[in-house]
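Peer 1: One structure follows; several queries about it will come next.
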Amino acid sequence: MKKRKIYLLGIPVVIFVLLAAASAVHFPGFNNSKPKSPDNRMSWWRDARFGMFIHWGIYAVPAHGEWYMNTGHVPRKEYEKYAKKFDPVDFDANQWVKIAKDAGMKYMIITSKHHDGFVMFHTKTTRYNVVDDTPWGKDPLKALSRACRKQGVKFGVYYSIMDWHSPYQMAHNDSIPAHPTYNPTKIRPGKKDDYKKYMKTQLKELVTQYHPAVLWFDGEWPDWWTYTDGKELYQYLRKMDPRLIINNRIGKRPVGMKGIQMKDAVGDFGTPEQNIPPNGIPGTDWETCMTINNDWGYNKDDLDFKSDTTLIRNLIDIASKGGNYLLNVGPTAKGIIPQPEVTRLNEMGRWLRVNGKAIYGTTASPFKKKLSWGRVTSKPDKLYLEVFNWPADGKLLLPDIKGTITGIHLLADPSRRGLSAEKKGNHVVIKLQGDAPDNIASVVELDIADAP
Ligand code: JFZ
């Protein structure tokens, strides 16, 4: 009560809490001990923490998700007709990038070719592409890569190795020609090198035409694609652009291969899908990709959107485990990012504008133990406490930390009013004041001196 009065008088209070400097508790659980120098190829990606995934293709025309060619057992000739109906007159690259930027997303990954094989950029390798085979006749990757550069958002592309339309691959089962199942494809005998050449040419086009910062591979699971193929393709691409960041789905996991171990896995980062690994992936860069409803590509019947709370807390949870969040949107065949998705992204942006310091450029929580009230992220001289459940008694319990807390305040408090803390046994008790400034997550920033 007394303290509150002092604060109301506006006296700047910073309480220094000296913690037992002798106790040699270090920060276990940091899973990202790699160098943080700016010339490290992964630095921008590690700092970014939040990106936009975009699944967009001619599957937006039937609007049953990006797997429709397979799940709807649509013959190639039938599926090709969707290209002739793809006319996204409302597409606005600057608008899409602005939506990502306003959401606090630092990078964007868009499908350049999904499993259906339709090419979403101008290629010389096939006429089955967005410029040559649609009434629209424009190249969205050209427009988006430019808009990204202009607005300071990193640009990347998704690329599927499996291709349901390729003359070099066969449907898994087309015993009933009117009702094929493509996944997983088989390679046409003797045609693997032709397909590899087709892929390499398209990937070279992507790299030279749009200068992507990230190549995000997928569809590597058919039997005919091997660990060695992935390794070789990775080297080919890194030679073309040494700064490229490439995900692990370019290659097979080297499980059980003679003389090859997990550490030889291909790619720069792991890609858990639709889930957050409970303890992160120690020693590895990783990124959880996730849908905002239950589909990647636009599905007109899927209105099961995640709540603002879930999405914001997912981002925090992922950051507290040292990963990135790649959150997907599925634009319509008219070129519109569905409004329920934009609304949610706006809310994430609103939270990040206040609390972004607790996400960008941070590393995982130093604490192994789960904390009942929320999550923790860190920087060399800071700890951020993201409070999901604001304690009724105002007492926030933190495991002991090594170093000295030299300041405590809420990121939502523009006056940066200092809070107090005290050491109790092997805990630190932070004394919060009043109600939670944010019902989704309120962030307490701790300044730490002499951290090991
Ligand atoms: C894929 C695609 O099939 C899907 O359409 C979407 O593009 C998504 C991002 O990636 O599917 C996968 C890939 C990997 C796993 C599951 C689905 N996985 O590792 O569990």
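The values are calculated or read from the model by the stated rules, or taken from the named source; none is laboratory data. Quantities reported herein were computed from a predicted structural model and do not represent experimental measurements. No Cβ is skipped: glycine too gets one built from the backbone with ideal geometry, and neighbour counts run over all protein chains shown. Heavy atoms of the whole protein, side chains included, go into the accessibility calculation; ligands, DNA and RNA do not. Shrake-Rupley method; radii C 1.70, N 1.55, O 1.52, S 1.80 Å.
Peer 1: Expressed as an acute angle from 0 to 90° and rounded to the nearest 10, what is the orientation of the C-alpha long axis of helix 308-320 relative to the principal long axis of the chain?
Peer 2: Here the helix axis deviates by roughly 80 degrees.
Peer 1: Length gain on complete extension for the stretch H211 to N94, per 0.36 nm per residue less the alpha carbon to alpha carbon distance?
Peer 2: Length gained between H211 and N94: 40.4 nm.
Peer 1: Something else now. Evaluate the distance, in nm, between pseudo-label points positioned 7 Å from the Cα of M257 and of K142 along their respective Cα→Cβ axes.
Peer 2: The two pseudo-label positions are separated by 3.8 nm.
Peer 1: Continuing with the same structure: Counting only protein heavy atoms and using a 1.4 Å probe, what share of the accessible area of the chain belongs to carbon plus sulfur, as a whole percent? Don't skip to the end; give the middle numbers.
Peer 2: On the way: 10700 of 19620 Å².
Carbon-and-sulfur percentage of accessible area, whole number: 55.
Peer 1: Of K124/K252; K154/K300; K186/K231, which pairs sit farther than 23 Å apart, going by alpha carbon to alpha carbon?
Peer 2: K124/K252; K154/K300, as the Cα separations exceed 23 Å there.
Peer 1: Let me ask something else. What is the distance in Å between the Cα centres of the stretch 314-355 and the stretch 182-197?
Peer 2: 36 Å
Peer 1: Over all directions, the average projected area of the alpha-carbon convex hull for the stretch 191-304 comes to how many nm²?
Peer 2: Spelled out: convex hull of the Cα atoms, projected over all directions, averaged, 9.7 nm².
Peer 1: Another one. Kindly provide the trypsin sites (Lys or Arg not before Pro) of the stretch 37-83 that DSSP labels as loop, not H, G, I, E or B, and whose Cβ sees at most 16 other Cβ atoms within 10 Å.
Peer 2: R41
Peer 1: Taking the stretch 197-259, which trypsin sites (Lys or Arg not before Pro) meet the DSSP loop condition and have no more than 16 other C-beta atoms within 10 Å?
Peer 2: The qualifying sites are R243, K258.
Peer 1: Determine one quarter of the surface area of the Cα convex hull of the stretch 327-431, which equals its mean projected area, and express it in nm² to one decimal.
Peer 2: Value for the stretch 327-431: 8.8 nm².
Peer 1: Under the rule of -39500 (n - 2.57) per DSSP H run of 4 or more residues, summed and divided by the residues of the chain, what mean residue ellipticity at 222 nm is obtained, to the nearest 500 deg cm²/dmol?
Peer 2: Working: 11 runs with 110 residues, N = 452.
Calculated mean residue ellipticity at 222 nm is -7000 deg cm²/dmol.
Peer 1: Assigning unit charges at the beta carbon (Lys, Arg +1; Asp, Glu -1) and nothing else, what dipole magnitude in debye, to the nearest 20, does the chain show about its Cα centre? Mind showing how you got there, number by number?
Peer 2: Details: 65 positive and 48 negative charges, 245 e Å.
Charge dipole, the chain, about its Cα centre: 1180 debye, nearest 20.
Peer 1: Let me see the P(r) profile for the stretch 102-182: every Cα-Cα distance counted, bins of 5 Å, each bin given as a percent of all pairs.
Peer 2: Distribution as computed: 3, 14, 18, 19, 16, 14, 8, 5, 3, 1, 0 percent.
Peer 1: Give me log10 I(q)/I(0) at q = 0.07, 0.09, 0.13 Å⁻¹ for the chain, Debye formula, one equal scatterer per alpha-carbon, no solvent.
Peer 2: For the requested q values the scattering log ratios are -0.41, -0.64, -1.14.
Peer 1: Here is a further query. Which one, G322, P338, P414, projects farthest toward the positive side of the charge dipole computed for the chain from Cβ point charges (K/R +1, D/E -1)?
Peer 2: In the chain, that residue is P414.
Peer 1: Could you do me a favour and compute the accessible area per residue for the chain, 1.4 Å probe, result in Å²? The partial results should precede the final answer.
Peer 2: Numbers: 19620 Å² over 452 residues.
Ligands and nucleic acids excluded, the result is 43 Å² per residue.
Peer 1: Right, something else. Over its Cα atoms, what ratio of radius of gyration to 2.2 N^0.38 Å does the stretch 187-257 give?
Peer 2: Details: Rg = 12.4 Å, N = 71, 2.2 N^0.38 = 11.1 Å.
So the stretch 187-257 has a normalised radius of gyration of 1.12.
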